[in-house]
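The values are calculated or read from the model by the stated rules, or taken from the named source; none is laboratory data. Everything numeric here is computed off the predicted structure, so don't read it as measured data. Neighbour counts run over all protein chains shown; Cβ positions are idealised from the backbone, glycine included.
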Amino acid sequence: MKNSPQIKICGLTNVDEALGCADLGANAIGLVFYPRSPRNVTEDQAKEISTALPIDVKTVGVFVDETFSNIMRKAEHCRLDAVQLHGQESSGLVSKLRDENLIVIKGLFMKRSPFLEDAAKYDASAFLVECGKGTLPGGNAMSWNWEEAKDFGEKYPFILAGGLSPDNVSRAIRESMPDAVDVSSGVESAPGRKDIHEAEAFVNAVLECDLSKKIRKIF
């Protein structure tokens with residue numbers, strides 16, 4: 001059995017595509033709660049997706065600078081297993097959410113704050129690492145020097161993101177040695193619409209990877 005990173009496919013907006021990604025082998029499905037994102041979902045959309053997924057596929061709500069009460073309301077209504085914080089959230093908020101028995105993923109960036117060096121401030125379950133350039137808080141479909149995250153991964157469990165696609169994910173994994181990978185636009189036919197064939201190619205490429213490290217389970 002290969003020692004492959006876990007797989008999160010983010011920015012799902014409908015049940016059929018979410019189930020398709022789960023059937024392919026995704027460990028987690030990301031649901032974006034950020035109005036400026038073309039992948040933003042309503043609470044009802046998110047709940048429909050989360051309740052349809054198999055119990056072993058985690059649902060991750062993606063938030064940017066939301067309050068504790070708003071995050072918890074959505075987490076409870078939409079039956080989220082995890083939250084991903086992609087803004088300037090405080091260490092206190094991360095700890096409060098951990099106390100609610102949620103998986104808490106904090107976004108860190110190479111090119112903007114919070115930086116990778118800030119990881120020790122947060123009691124997060126894991127970190128999502130990407131470049132941090134572009135107009136939106138996410139990866140903005142930009143590839144970067146993934147090898148820069150390798151040393152970080154020797155200390156912390158992390159998810160690699162930013163510009164990943166079926167064509168480059170194997171190289172990105174070899175260079176950074178992540179515990180998980182996160183893809184969104186790299187498997188899309190249009191913003192928020194996943195191409196199931198591209199998703200299948202991505203999942204298969206990840207599952208072919210066999211890392212020389214023990215994968216820390218995040219999802």
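Quick test for you: out of 39, 79, pick the one residue that is in contact (Cβ under 8 Å) with a residue 12 or more places away in the chain, buried (at least 16 other Cβ atoms within 10 Å of the Cβ), closer than 22 Å to residue 106 by Cα and charged (D, E, K, R). Give the derivation first.
Numbers: 79 fails: buried (at least 16 other Cβ atoms within 10 Å of the Cβ).
Answer to the check: 39.
Residues that are modelled with pLDDT of 95 or more and polar (S, T, N, Q): which helices (runs of 4 or more DSSP H) entirely in the range 114-219 hold 1 or more of them? Even if it seems obvious, please write down each step before you answer.
Working: elements: 150-153, 169-176, 196-207.
Of the helices (runs of 4 or more DSSP H) lying wholly inside the range 114-219, those with at least 1 residues that are modelled with pLDDT of 95 or more and polar (S, T, N, Q) span 169-176, 196-207.
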Item to complete: Would you please name the residue that is nearest to the chain's Cα centre (by Cα), looking only at residues in the range 1-57 that are of a type in the set (Lys, Arg) and more than 20 Å from residue 185 (Cβ to Cβ)?
Response: 47
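Within the range 82-118, restricting attention to residues that are of a type in the set (Gly, Ala, Ser) and in contact (Cβ under 8 Å) with a residue 12 or more places away in the chain, which residue is surrounded by the most Cβ atoms within 10 Å (Cβ to Cβ)?
So the first thing to find is which residues in the range 82-118 are of a type in the set (Gly, Ala, Ser), and the list is 82, 87, 90-92, 95, 107, 113.
So of that shortlist, the ones also in contact (Cβ under 8 Å) with a residue 12 or more places away in the chain come out as 82, 87, 91, 95, 107, 113.
Numbers: 82: 22, 87: 13, 91: 15, 95: 13, 107: 25, 113: 10.
So, considering only residues that are of a type in the set (Gly, Ala, Ser) and in contact (Cβ under 8 Å) with a residue 12 or more places away in the chain, the one surrounded by the most Cβ atoms within 10 Å (Cβ to Cβ) is 107.
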Discussion item. Suppose the filter is out of contact with any Pro (no Cβ under 9 Å at 6 or more places or on another chain) and not basic (Lys, Arg); does residue 41 pass it?
Written reply: yes
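Taking the range 185-203 as the region of interest, how many residues are small (Gly, Ala, Ser) and buried (at least 19 other Cβ atoms within 10 Å of the Cβ)? Working first, answer last.
Filtering the range 185-203 down to residues small (Gly, Ala, Ser) leaves 185-186, 189-190, 192, 199, 201.
The next check asks that each one be buried (at least 19 other Cβ atoms within 10 Å of the Cβ); those that pass are 185-186, 192, 199.
Count: 4.
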